[in-house]
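Worksheet: the structure to be examined is printed underneath.
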């Protein structure tokens, strides 16, 4: 485990809750808040990518109901930090299982720090079994690449930035070890991500 202060990024829409969490962590000393985001807009995603956090504390309500089930994997696209949910409203157990830890907004400060510490330790010790599995979004981008779409077309189609598309493509190349469009197309075909009839020949 790293020594010194652990860096925390808060993604919490409530300014009162975010500032309160920052004050509590500052007072207890083990964790230091490096940034606070109120949402996951494109600007926030860029900041998320650039903050070297040990743990991200997120209120799952920043995601709409449908995307809450894949919230953890979305965060993983930008950061390899531990991700802890702060539960401010009732959530389904299935939605909460994906996080490295769960903080209840009524937890006392010592419990919050303990949960953060345990989450960081568990995340650091967890084996990287999924390191080479493509995320759902990476599979979607791979299919678009295999179909011959350009980065700008993919960005427009998914309403994401070109930079995000490029990051996904780099991750796909790193995970698959394949650098060419032709190679990625074969990979997509062999893994049943696309049907040969959907390709432009």
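If the condition is being under 21 Å from residue 41 (Cβ atoms), touching a helix residue (DSSP H, G or I) at 6+ places or on another chain (Cβ under 7 Å) and outside any helix (DSSP H, G or I), then region 153-201 contributes only 161.
Annotation: residue 183 fulfils all but one of (1) within 16 Å of the chain's Cα centre (by Cα); (2) surrounded by fewer than 17 Cβ atoms within 10 Å (Cβ to Cβ); (3) more than 30 Å from residue 29 (Cβ to Cβ); the unmet one is (1). Listed conditions (1) out of contact with any helix residue (DSSP H, G or I) (no Cβ under 7 Å at 6 or more places or on another chain); (2) in a helix (DSSP H, G or I); (3) surrounded by 15 or more Cβ atoms within 10 Å (Cβ to Cβ) are all met by residue 144, apart from (1).
Counting only strands (runs of 3 or more DSSP E) that sit completely within region 1-113, those holding 3 or more residues that are touching a residue at least 60 places away in the same chain (Cβ under 8 Å) and surrounded by 14 or more Cβ atoms within 10 Å (Cβ to Cβ) correspond to 6-11.
We did not get these values from a lab; they are worked out from the coordinates using the rules stated. Because the structure is predicted, anything quoted here is derived from the model rather than measured. Reconstructed Cβ throughout: ideal geometry from the backbone, glycine too, with neighbour counts over all protein chains shown.
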